[in-house]
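Input: a single structure, listed below in structure tokens.
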Amino acid sequence: MASGGTQPIQVLHVDADMGFSSLASALIERKNEQMVVFSEQFGDAGLERLETDDIDCVVSGSELQDMDGLAFVEAVDEQFPEVPHVLFAEPGENDFIEAAMAAGASDCVRKEQGSDQYTVLAARIESAVQSRRIESELTEQEEVLGALDDDLPLLMYHAEASPTTPMKTATGGAGKLVGYDTDQLESRTVVWGRDVVHQEDQRPRWSAIKMALEDGEQFDVTYRARTADGGQQWLRECGRGEYDGDEQVGVVGFVTAVTAPETWERKFERERNMLESLLNSLPEALYFKDTEGRHVRTSRVLHDIREELIGKTDRELYEPELHDGTVSDDASVIETGTPIIDKEEPVPGSPEENLWTTTTKVPWYGTDGEIEGLIGFSKTFSPKGREQVERKSRRLNDVETILGDRIEDELATVEAELAEVEGAGAATDALDRLDGIVDDLRSLIEQEESDVEPEAIDIDEVAQAAWEFVETGDATLDITFDDEPSVTADWVRVHHLLENLFRELCQGEDAARSVTITDAERGFAVESTATLVADGASEDLCFDALLADDEANTALNIVRGIAEKHGWTIDVSRGDDGGTRFEIG
């Protein structure tokens, strides 16, 4: 989970509308990549899924294909009371929500416009599952702790998440392990990380635990301990963070004895190999300097000048105007232990290329905890390219602000005025279309700002879902594939691509009577009876040529933007029946 581990979350979403359910499921998975969502339309099918699969949370609404939402909540609570159940209900369904919460639902999220509702829903699902898992794990731990024998060389504990890890509770054979009893540990007469862990191993032990906690992962460390009689014992400690909701409140784990010299040597060899792999594979400049500023090790990217660098300082390597800043930065990091993060400065001797570097320098600590030098990392970049990206981002933000703060407010004002005017139906319809245009423009902005998340998707499924979102009149959709109807793409983006293409084909004076989706040489093809290719045009056109006739066509711009995000091209030609064919891939 995002705050307490990396275990996946399996969610069951039950809703009568399969198109909405598929879209909602995809958006939930996109908001939290650890979630896998299964969609069902029927309550009985949902109960069967709960019986056969390890479902962590149920999401449902008020309407199912074969039963009402309240009956489904009651059935889930009766048969699977340990599974959290989150309602996803319309704002006006207060009676249903109240009854369902009383019947066993654990939380409720109300449906709204836009994608923010799915962010809230994913967070509520994660919180419900996390709370349930912690409750279950604590119950299991209490059972294990109660059964531990003080004569076993195994200690289980709850402790504070700090370098000395003072223990809140300790159960088991502490005396067998290190000669101290659990009362001494719980009263903090003896503090584990300070009095038991060997002084030379205290810093590396806590560094490994701290890194695992920050990453939301379990830790597994081996180290030396000082026993009560002055001896030495090798120990292995395993555990994870302990959470109250999203807040980390401590660590929970166990300690056992190991025969460690071989284990320690293997760990040292593994970490040495990791360092060598990093230095040999990193495509940027990474280097180590000692306390005198001399280069000790460098990454492979500096191989050509490595012999010149090793054993020398920047003062020996460069002219004064080039080394003054770097030498003073090195001294500051080594003397104070304060890192320098992402410092930008021009690359000497590259005025034509106008290159700069961003440099990070951090202290390099030895096994005794003292600073032995610094570790530096430098990356070259072009300010011109960065400025272009930042300028584009500012323009997109300005457009989104205008859409949200000005145009939508004006549309709302006009719509309120028209509500009082009889016979203003055409004007109200025009406002609805303008609302759609605003949404489409926002979609264009989102495409520019976010990355594609490709996966194997079923074109049949996503096309059916997109068709349900468009007013298609009497037009029909036919999907025919010789092979499996699958492509590697972002499900939500392809849904949006097809939704806008269907809207372009099925609305207007020359609306399509039928739309067919088939497999094609590069990907898939969408063919319709709509004649977007004018008579007399060449048989094959590029998509940009078609768009040139209508540059303000928002739907086609969205289609092109999504295709470009996937690295696809779109070929346009006249179909066999005189209509228009788009080949996408």
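The values are calculated or read from the model by the stated rules, or taken from the named source; none is laboratory data. Please read all numbers here as calculations on a predicted model, not as lab measurements. Because the Cβ atoms are built from the backbone with ideal geometry, glycine has one as well, and the counts that use them run over all protein chains shown.
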Inset, instruction - Please name all residue pairs, on different chains or six or more residues apart, with Cβ atoms under 7 Å, provided the first residue is in segment 566-585 and is of a type in the set (Lys, Arg) and the second residue is in a loop (DSSP other than H, G, I, E, B). - result: Arg574/Val533; Arg574/Glu539; Arg581/Gly575
Inset, instruction - Determine, yes or no, whether Leu121 is over 26 Å from Arg30 (Cβ atoms) and part of a helix (DSSP H, G or I). - result: no
Inset, instruction - Might you check whether a residue that is touching a Pro at 6+ places or on another chain (Cβ under 7 Å) and touching a residue at least 12 places away in the same chain (Cβ under 8 Å) occurs anywhere in segment 12-28? - result: no
Legend entry - From the options Glu316, Glu321, Glu271, residue that is modelled with pLDDT of 80 or more and either in a loop (DSSP other than H, G, I, E, B) or loosely packed, with under 14 Cβ neighbours inside 10 Å (or both): Glu316
Legend entry - Where Trp206 falls short, out of the listed (1) touching a helix residue (DSSP H, G or I) at 6+ places or on another chain (Cβ under 7 Å); (2) at positive phi: (2)
Inset, instruction - Any chance you could count how many residues in segment 543-572 are at pLDDT 85 or above, crowded, with 17+ Cβ neighbours inside 10 Å and of a type in the set (S, T, N, Q)? - result: 0
Legend entry - Flag for Glu40 being touching a Gly at 6+ places or on another chain (Cβ under 8 Å), closer than 23 Å to Trp491 by Cα and of a type outside the set (Phe, Trp, Tyr): yes
Legend entry - Output for segment 278-293, where each listed residue is under 27 Å from the mean Cα position of the chain (by Cα) and among the hydroxyl-bearing types (Ser, Thr, Tyr): Ser281
Legend entry - Residue satisfying all of: in segment 202-259; among the hydrophobic types (A, V, I, L, M, F, W, C) and in contact with a His (Cβ under 7 Å, 6 or more places away or on another chain); nearest to Val190 (Cα to Cα) among these: Ala225
Inset, instruction - Could you identify the single residue in Glu200, Glu217, Glu237 that is outside the structural domain of Ile125 (by TED's automatic domain parsing) and either under 30 Å from Ile125 (Cα atoms) or touching a Leu at 6+ places or on another chain (Cβ under 8 Å) (or both)? - result: Glu217
